[in-house]
1. Pop a pseudo-label 7 angstrom from the Cα along the beta-carbon direction at both residue 238 and residue 301 and give the gap in nm to one decimal.
2. For the chain, set up a GNM with springs between Cα atoms under 10 Å and report which of 144, 125, 221 has the largest fluctuation.
3. What is the order of 10, 120, fewest Cβ neighbours within 10 Å to most?
4. Can you compute the helix-only [θ] at 222 nm over the chain? Use -39500 (n - 2.57) per DSSP H run of at least 4 residues, normalise by all residues, nearest 500 deg cm²/dmol.
5. So if each residue of separation counts as 0.36 nm, and I subtract the Cα-Cα distance between residue 69 and residue 211, what length gain in nm does that give?
6. Per 0.36 nm of contour for each residue apart, how much would the distance between residue 192 and residue 95 grow if the chain were fully extended, relative to their Cα-Cα spacing?
7. Separation between the residue 180 and residue 286 pseudo-spin-labels, each 7 Å from Cα along Cα→Cβ, expressed in nm?
8. Taking 0.36 nm per residue of sequence separation and subtracting the Cα-Cα distance, how much length would be gained by fully extending the chain between residue 171 and residue 102, in nm to one decimal?
Ligand code: PMP
């Protein structure tokens, strides 16, 4: 689908995957006006094709659009188009446990213009790709390094938008810790480097002395859909959960006091990813003896159970994809 002024969004169409023709001076290449989403279509146990809270992805896309001066999309229309596309490609949705069809809607500015300003032309494209199971040999807790030098986002920046630039600025830190044997970076706030924000492509939760804590959304953290679902599920189960500021000092002290019971990341890719070890300023925090915790396991089983139609969905999160 294209955007131009004064027509607005127009010409929605489904075409085979192919190279794009874009001018070298297209603004996206130079000024980074690009936003995207990541969601999945699942093959349910009873043969249904299911999406998980796709309305949330499209609302977040519009939120990102607003921050990047990209004109809003009609969320209902785009959801309908995504459903149609997924249905057309239903043969590509793998059936094995844990597999899915990844859906990547994205918008780029295409106006050929070499000045810094919002573009007047855009393309919204949705591509699909089958993805294998995230956990092939059981859920293994990951090792994460707390980042003390590089910063991913600051308040007032673009951190809470899902825009390419945020990921570009995180690559260097990821490369450095990757060489040291860590799978991802835990980002701290961009001013004091004191408060915990999120992990590379996941939000983060800690269970401290019976309470599940996650950093409150503060303008520089991505508002994860898995994060929101985890909070709702914990409330549904009457497990204490709070969204608040949490510093590395507090986390380390909880660890020393034997009160850090669980740590896990949340995101569309892994659903729930237990954290077994955190490295921070030369110190190591070992969580739950490298095992997945009870709360993380229950969250994983329930959420993936809902996604694959094995567990009842009391929240109304599942959207079925049927013949258009
Ligand atoms: N934070 C960042 C920076 C991410 O890229 C993602 C993945 N979209 C998340 C958090 C988790 O968000 P979600 O649960 O919507 O996948």
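1. Taking the simple label geometry, residue 238 and residue 301 are separated by 1.9 nm.
2. Ranking 144, 125, 221 by mean-square fluctuation puts 125 first.
3. So the residues, fewest neighbours to most, are 10, 120.
4. Theoretical 222 nm ellipticity from helices: -8000 deg cm²/dmol.
5. The span from residue 69 to residue 211 would gain 47.2 nm if fully extended.
6. That works out to 30.3 nm of additional length.
7. Simple spin-label model gives 1.9 nm for this pair.
8. 22.6 nm
Just so you know, all these numbers are worked out from the coordinates, no wet-lab data involved. Not measured: the values here are computed from a predicted model. FYI the Cβ positions are ideal-geometry reconstructions off the backbone, even for glycines, and counts take in every protein chain you see.
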